[in-house]
Amino acid sequence: MGDSVAESVQRHVAAGAPHAMIGKDASPNPQGVISPMLERTRHKQHTKVTFILPAGHPAREASVVGDFNDWQPGAHPLTPRPDGSRAVTVTLPVDQQLGFRYLAHGDYWFDEADADGHDGRNSLLHT
């Protein structure tokens with residue numbers, strides 16, 4: 001109780017829980033999706049992906065975690081933008097399929113509505 005998001009995830013992972021099954025899903029709608037958004041800029045050697053959460057959803061800090069950061073909470077926190085939304089841009093290798101989810105304060109995991117797919121556990125991104 002009182003764990004930070006990172007401490008909670010590390011505790012669950014150390015106990016052998018699959019990363020996508022840790023925590024609770026934030027569920028503002030029946031699909032468990034908060035309606036975040038992706039923006040991509042593809043370059044020859046890499047793709048820049050901006051992960052965006054709408055203003056106020058979720059209410060507290062959130063980060064994007066996935067294959068590209070070894071599922072480390074807080075490695076890519078979303079920061080406020082002038083319009084109230086939050087975002088983070090990550091540079092990724094081209095021609096990859098990567099799993100990811102958003103993780104908010106209180107161990108709330110949620111999915112990306114605009115993902116390229118879902119594998120039953122995670123949102124999928126193709127770079």
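The values are calculated or read from the model by the stated rules, or taken from the named source; none is laboratory data. Since we're looking at a predicted model, the values are computed, not measured. All Cβ positions, glycine included, derive from the backbone under ideal geometry; neighbour counts span all protein chains shown.
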Quiz item: residue 112 fails exactly one of the following numbered conditions: (1) out of contact with any Ser or Thr (no Cβ under 8 Å at 6 or more places or on another chain); (2) at pLDDT below 90. What is the number of that condition?
Solution: (1)
Quiz item: So which residues in region 103-127 are hydrophobic (A, V, I, L, M, F, W, C), within 16 Å of residue 47 (Cα to Cα) and not in a strand (DSSP E or B)?
Solution: 115
Quiz item: Given the conditions (1) surrounded by 14 or more Cβ atoms within 10 Å (Cβ to Cβ); (2) in contact (Cβ under 8 Å) with a residue 24 or more places away in the chain, and given that residue 83 satisfies all but one, which numbered condition is not satisfied?
Solution: (1)
Quiz item: Scanning for something at pLDDT below 90 and either aromatic (Phe, Trp, Tyr) or crowded, with 17+ Cβ neighbours inside 10 Å (or both), does region 23-32 turn up at least one residue?
Solution: yes
Quiz item: Among (1) at pLDDT 90 or above; (2) part of a loop (DSSP other than H, G, I, E, B), which single condition is residue 100 missing?
Solution: (2)
Quiz item: Under the condition of being without any contact (Cβ under 8 Å) to a residue 60 or more places away in the chain and surrounded by 14 or more Cβ atoms within 10 Å (Cβ to Cβ), which residue from region 90-115 is nearest to the chain's Cα centre (by Cα)?
Solution: 100
Quiz item: Looking at residue 41, is it surrounded by fewer than 14 Cβ atoms within 10 Å (Cβ to Cβ), modelled with pLDDT of 95 or more, under 15 Å from residue 126 (Cα atoms) and not aromatic (Phe, Trp, Tyr)?
Solution: no
